[in-house]
Structures are given as C-alpha cells and as structure tokens.
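Worksheet for the structure shown next.
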Amino acid sequence: MVRSLTPDDAGALAIDLQDVQVILGGPGGQVPILRGLSLQVRRGEAVGVVGPSGSGKSTMMMVAAGLEQATAGRVAVAGQTLNGLSEDALARFRRDNVGIVFQSFHLIPTMSALENVAIPLELAGRRDAFERAERELIAVGLGHRLGHRPSQLSGGEQQRVALARAFAVDPAVLLADEPTGNLDRSTGEHIMDLLFSRREATGCTLLLITHDPVLAGRCDRAVRLEDGALTAH
C-alpha cells in the first residue's frame, strides 16, 4: 500500500518511489520487471543499488528519470510527481532537475567534447552554455580536450565528458547507471573518484546503479534489488 507522506517528509525527499510496478507486454504475455518497489532517498543523500543482471536496476533508474512510465505506484523526483506527465513535460523535468550518466557514454559522435556538454545547457536556454561547459570539462581534467570528438578520446575520457555534461546542468538528482561498466578497473576507480568529488562539491542527490558492492559502499547507504523488489534497505 502506498503510504502517505507528511509535507515535511515529502520536502526532504529527492526520490520517492512508492509501490512501483513496471509490467511489460511480450509474445508470451505480461512480464513483471518491478514488483511493488518502494524506495525513498533524502535530498543530498547518495544511495547505491546493487543486484544481479536482470533484477530491474536499470528499469528503476529509468522510472526515476521519467524515461520509463510506471505501470502502477507513485513516482516523485525533485518534488515533482511524474505519474501522468506528458512526454514534453517529462523532458522539461529532466532538463531542469536530472543529470544522467550511462554505462555507454551516449555522446554525439559528430560533436566535440565542448559541444556535447553545452547541448543540454543550450536547450535549457543558458546564455553561458559554452562557458559553463568549459568549466565543467576543466573540473574533470579535460580542459585540453575541448575540441576533440568522442572517437578521439579514450573510454575514460568519454565518460569524463559524460560526467561533465551531467553536472553542467546543476542537477538536483544525479542518476548513474553502471558508470564504470565499460572501463578497466584503474580507469573506473578514477571516474568514481571524480563522480564522488563533483557530487560532494555540488551537494546533489545520487542514485548509483552498480554490480560492485564495494562501489556501492562508498555511498551513504546501499540497497539490493532482486527480481524486481528490494531485499534490503
């Protein structure tokens, strides 16, 4: 059952998922992905989510980002209830509130590092888009790579561009889905040092999806997701 929040509770939460279900249709019938999942993350908190492949971790993040609609339950992020919002409204919500870091970088191959970071700022109407993008790239150690395209960058450098892009919009909530999954251990450790350093500097809320319990242990707390449901808080 969806619990009721007091105004004080709701104001303190950056992410509030209550009894969330995601059920997808397929040739063999309906497939439950999330099974009544509830998770509350306070503003400024870092929460790691671990679990085996196929447990629903990425789907949970997509729901929190407004990229996947819940079949049932309540989804509220950064003070905004996402249930029932149009695609345009969800796009505006992400633009104004959420930074996302994916495992596979999702950079635009024909654009430079600077342009990749500046795009969401331009879409948000920021007149200082390129100046801010440059500052964020410098902050992740890529001030010398501003004009390079993704194909001219290593995997670690591409993920640093993705980090700069996510933080450039000054997000209330940062969602990171296996951000080191395509990187070797040494490079991955460097990326996570950068992520946690930038997160501490900005004070944003972090939801980190990872298969690595050691990495999740760097967060304020960790939860485990199995077969679409949380098994530990």
Seminar exercise, completed: Picked from segment 107-125 (must be open to solvent by less than 50 Å² (accessible area, probe 1.4 Å) and β-branched (Val, Ile, Thr)), the residue nearest to GLY156 (Cα to Cα) is VAL117
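Kindly indicate which of LEU230, LEU207 is modelled with pLDDT of 95 or more and either of a type in the set (Asp, Glu) or in contact with a strand residue (DSSP E or B) (Cβ under 7 Å, 6 or more places away or on another chain) (or both). Before you say what the answer is, go through the steps one by one.
Numbers: LEU230 fails: modelled with pLDDT of 95 or more.
Of the residues listed, the single one that is modelled with pLDDT of 95 or more and either of a type in the set (Asp, Glu) or in contact with a strand residue (DSSP E or B) (Cβ under 7 Å, 6 or more places away or on another chain) (or both) is LEU207.
When you scan segment 126-137, how many residues do you find that are open to solvent by less than 60 Å² (accessible area, probe 1.4 Å) and either out of contact with any helix residue (DSSP H, G or I) (no Cβ under 6 Å at 6 or more places or on another chain) or basic (Lys, Arg) (or both)? First the steps, then the outcome.
Residues of segment 126-137 open to solvent by less than 60 Å² (accessible area, probe 1.4 Å): 128-129, 132-133, 136-137.
Adding the requirement that they be either out of contact with any helix residue (DSSP H, G or I) (no Cβ under 6 Å at 6 or more places or on another chain) or basic (Lys, Arg) (or both) leaves 128, 132.
The number of residues fulfilling the criteria is 2.
Out of GLY203, GLY155, report the one residue that is more than 13 Å from the chain's Cα centre (by Cα) and farther than 21 Å from GLY44 by Cβ. Even if it seems obvious, please write down each step before you answer.
Working: GLY203 fails: farther than 21 Å from GLY44 by Cβ.
Going through GLY203, GLY155 in turn, just one is more than 13 Å from the chain's Cα centre (by Cα) and farther than 21 Å from GLY44 by Cβ: GLY155.
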Exercise. For segment 1-22, which residues satisfy the criterion of being modelled with pLDDT of 55 or more and of a type in the set (Ser, Thr, Tyr)?
Worked result: none
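The values are calculated or read from the model by the stated rules, or taken from the named source; none is laboratory data. Because the structure is predicted, anything quoted here is derived from the model rather than measured. Here Cβ is always computed from backbone atoms with ideal geometry, including for glycine, and neighbour counts include all displayed protein chains. These accessible areas exclude ligands, DNA and RNA; they are computed on the full protein's heavy atoms, side chains included. Shrake-Rupley method; radii C 1.70, N 1.55, O 1.52, S 1.80 Å.
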